[in-house]
């Protein structure tokens, strides 16, 4: 008993210091937890602000007057069920385009691009002819491009009973069954900001696109040429 009492006499003065140390550790733990929480909040704010700056720097295609225009080229194309009567045409065109955006560090959002398909008996037609006499048109799904990268666009444009002149109907029929090829063109258009005049907007012409038919009875034509760029005119 005397040994136990002697041991307690030695340890009792030390117990308050242990308690104080325990309280100190608890305070340190709370301070570290609070610091970690503040760090997470700060990092979250930085991420949100960075995302805001990134979205704010995006360039919409209806306001690209001071930037280089996007570039498009035909990668592959085919026409299916091409049929004509004396006054109308029915067909479905499949296109694959490769689009590139030369403005490095910029994000371009394309949300109002329309595609027009027209008959192209010659290598060149005036813009008014391409627009007014288009056989089929379609609003493309929204897409975006980042400067310096390429994007593949796959879409289909179809029409049933598009009006054509008797001469055009005959040329298309002869081209498909006798010559073995028919030329069509593709126009891409999107309006600019603060204007309702589409002719002043973003325009690309992909023509002529020559579709090869393997036999007179085949209604499917395939573009077999090399990838070609779409131009302003």
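Each reported figure results from applying straightforward, stated rules to the coordinates on display, with no laboratory input. Fair warning: this is a prediction, and the values are worked out from it, not measured in the lab. When we count neighbours, we look across all protein chains shown, and the Cβ atoms used for this are built from the backbone with ideal geometry, even at glycine.
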Between the modelled labels at residue 86 and residue 179 (7 Å from Cα along Cα→Cβ) the distance in nm is 2.3 nm
Taking 0.36 nm per residue of separation and subtracting the Cα-Cα distance, what length does fully extending residue 69 through residue 155 add?
-> 28.8 nm
Just rank 104, 146, 119, fewest to most, by other beta-carbon atoms within 10 angstrom.
-> 104, 146, 119
Find how much the distance from residue 98 to residue 228 grows on full extension, using 0.36 nm per residue of separation minus their present alpha carbon separation; answer in nm with one decimal.
-> 45.8 nm
Can you pull the one-decimal nm distance between simple spin-label points at residue 218 and residue 76, each 7 Å off the Cα toward Cβ?
-> 1.5 nm
